[in-house]
1. Over all directions, the average projected area of the alpha-carbon convex hull for the chain comes to how many nm²?
2. For 7, 92, what ranking results if the residue with the fewest other Cβ atoms within 10 Å of its Cβ goes first?
3. If I take every Cα pair under 8 Å that is 6 or more residues apart in the chain, average their sequence separation and divide by the length, what percent do I get for the relative contact order?
4. Among 10, 53, 65, what is the fewest-to-most ranking by other Cβ atoms within 10 Å?
5. Can you give the Rg/Rh ratio of the stretch 62-127, where Rg is from the C-alpha atoms and Rh is the Kirkwood radius?
6. Can you give the helix-only mean residue ellipticity at 222 nm for the chain, where every DSSP H stretch with n ≥ 4 adds -39500 (n - 2.57) and the sum goes over all residues, rounded to the nearest 500 deg cm²/dmol?
7. Which of 52, 19 has the fewest other C-beta atoms within 10 Å, and how do the rest follow up to the most?
8. Please check: in the Gaussian network model of the chain (C-alpha springs, under 10 Å), which one of 91, 99, 62 has the largest mean-square fluctuation.
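The numbers here are math on the coordinates, done by the rules we state, and not lab data. Since the structure is predicted, the reported quantities are computational estimates derived from the model, not experimental observations. Counting neighbours? That spans all protein chains shown, and the Cβs are built from the backbone with ideal geometry, glycine included.
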């Protein structure tokens, strides 16, 4: 049986993993992205206004065996600034080879795919 402290530590560790992945992907520095301190409220990954313009996601992290995705989405929505989309980054909370997933609104995903296809077409046309 896990203690409250061990669950908090597991959650913080997962938040840091997610933060590091975002930091690396978008080339952000420590001044632009961080995890919450103590019992700080809001999103699980804190971004400056400038970094939020790049990432455009309000991120809720969940590392649980049993996840109510709709509750997690609502939690992310409640922390979501205007012009951004809610996102839940999650994985199954036990040890093992479980992947990490992200749940974003369909429109957000389609915008990303559309942009990627346009980029690939432009790249092909320039060759």
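1. Values: hull surface 39.0 nm².
Directional mean of the projected Cα hull area for the chain stands at 9.7 nm².
2. Values: 7 13, 92 17.
Neighbour counts put them in this order, fewest first: 7, 92.
3. Numbers: 149 pairs, mean separation 21.5, N = 127.
With pairs under 8 Å counted, the relative contact order is 17 percent.
4. Details: 10 14, 53 11, 65 8.
Ordered by Cβ neighbours within 10 Å, fewest first: 65, 53, 10.
5. Details: Rg = 16.2 Å, Rh = 14.1 Å.
Computed over Cα atoms, the ratio is 1.14.
6. Values: 4 runs with 61 residues, N = 127.
Value at 222 nm, helices only: -16000 deg cm²/dmol.
7. Values: 52 18, 19 21.
The most exposed by this proxy come first: 52, 19.
8. Largest GNM mean-square fluctuation: 99.
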